[in-house]
1. Given the alpha-carbon gyration tensor of the range A:2-131, what are the semi-axes of its equivalent ellipsoid in whole angstrom, ordered largest first, with each equal to the square root of 5 times an eigenvalue?
2. Restrict the search to the range A:51-108; then list the GluC sites (Glu not before Pro) that DSSP places in a loop and that have at most 13 other Cβ atoms within 10 Å of their Cβ.
3. What order, most packed first, do the peptides A:114-122, B:10-18, B:92-100 have when packing is the mean number of other Cβ atoms within 10 Å of each residue?
4. So what's the gap between the Cα centers of the range B:45-122 and the range A:1-67, to the nearest angstrom?
5. Excluding same-chain residues fewer than 8 positions from A:K129, which lysines have a Cα within less than 19 Å of its Cα?
6. List the extent of the Cα atoms of the range B:115-224 along each of their three principal axes, largest first, rounded to whole Å.
7. Along its three principal axes, how long is the protein assembly as shown when you only count alpha carbons? Whole Å, largest extent first please.
8. Given H placed on each backbone N at 1.01 Å, which residues far from A:I65 in sequence or on other chains put an amide H within less than 5 Å of it?
Amino acid sequence: MHEWALAEAVIAAASEIAEKEGLSEIKEVKIKVGELQQIERDILEFALSQLKSTKFKNAKFNLEIAKAELKCRVCEHKWFFGKEKLDESTAEAIHFVPEVAHTYIKCPKCGSPDFEILTGRGVWLESIKGVKQDDG
Amino acid sequence: MVDPRTSTINERMRGIGRIIAVSSGKGGVGKSLVAATLALTLAKKGYKVGLFDLDFTSPSTHIILGIEGVQPKEEKGIVPPIVHGIKYMSIIYYSGEYATPLRGADVSNALIELLSITRWDKLDFLVIDMPPGIGDATLDLIRLIRNIEFLVVTTPSQLAFETVRKLVSLLKELKIPVMGVVENMKMNDSKIIQQRSQKLGLNFLIAIPYDPKVEEAIGNTNKLLNTMLVKKVEEIDSKI
C-alpha cells in the first residue's frame, strides 16, 4: 500500500501549513491526484481517515483526479495518458515512480520518449481551510 | 499548490545513523564501485546498511553486486529487499533493463518520490551512489536531507580532480560535510592528489591501485571481496 506513504505525506504537509497559518482546526483539505500515478482512491481515502490527528478530526478530504496530459518536446504533439494500453507490470512501475513513464511511453506521433508531463503527475495539496486559533 | 512529499522525507530517514553520498564531479571514476563495495564491507562487519542507487539514467550498483530477481515489498510505502546483508534500492525495480531518458526535473521528481515512499527503518549507514556532477540529484539531496555527508571519488587525472575541486568548493560553501577523498585507479606512486586534497583541507582517505581483477569480479560478491579494491575500501570503514 504505497498510497499509505502518500497519505502520510499529505497529513504531514497539511499539518505544517496549518501550523504556519495558525489554524487550530482543519475543515477541508483539497487534494489533486494525478491520473498518471493511478492511485487507488479508496485506499488513499482510507489511509487519510486512519492517519487523521486531532486537528483533522472534522476535516473533509476532497480528492480530485487530474487527467494526465503529456506533450512531446520534439514534435509538440499533446496527448492524454491511457493506462489501458499498458500491461500490468508497466502500469505498476509507473504507479510507484511516474517518471519511468519515459521508459515505456513514447510520443504516439513521432515515437520520442522526450515528453513533458503537463498535468496529472502525482499528489498535490491544493488548498486547506480551517479555523484560526484567535477566531474562536 | 504544495507538493506534500518533501514533508515526510526527514521523518522517513530518521532511523538512519549516517547518510553518505558517494559523489564525484566526473563519470567513470569508480563511484559506483566504491559505493557498492563500501556498503558491502560495512554490512559484512555487522552494520545495518542500505544502498540507494541514485544514478537513475545509468544505474549500475545492481550489476556490481549481482542483484537480480528481487523486488521491494509494498507495505505502507515500499520496503527494500535485503541482498548480501544490504537493504537495496534502485530505479531498476521499475525501469528494468530499458533505457530511462530523464531530464533534470524528472530526476528530481523520481528522487523525491523514492525518498518519500521508501521505508529504510533503522540503519547505521545509508550509502548513496550519486550520478556524476553537481546537477539535480546533488542539489536535491543537499536541499532535502538534513544530515547528508559526502565521500568524494577521483582518479589520478587532473581532469577528474578539477571537477572534484569544484564539487568540494560548492559543498564547503553550503557547509555540507565532506568525509574525505578516495583516489581510485592509481597507476603509480604519485602523491599529487593526496597533496592537492590536503591543501583543500580535505581528509585523504585512501588510494586504490588499478586492479584488473575487479572487472572479472563484477557481479560476484565473493570474488569482489578478494580484490585489492575491497581491501582498500575496508580501510575507509575504520576511518569513518
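1. On the way: eigenvalues 220, 46, 21 Å².
Each semi-axis is the square root of five times an eigenvalue, giving 33, 15, 10 Å.
2. Filter output for the range A:51-108: A:E76.
3. Highest-to-lowest ranking by the protection proxy: A:114-122, B:92-100, B:10-18.
4. Centre-to-centre distance over Cα atoms comes out at 26 Å.
5. List returned: A:K20, A:K27, A:K30, A:K32, A:K52, A:K55, A:K57, A:K60.
6. Principal axes ranked by extent give 44, 38, 23 Å for the Cα atoms.
7. Each principal axis gives a Cα extent; for the protein assembly as shown these are 71, 54, 35 Å.
8. Counting only residues 5 or more places away or on other chains, the set is A:V33.
The numbers here are math on the coordinates, done by the rules we state, and not lab data. Nothing here was measured: the structure is a model prediction, and the numbers come from that model. Every residue, glycine among them, receives a Cβ derived from its backbone with ideal geometry; neighbour counts consider all protein chains shown.
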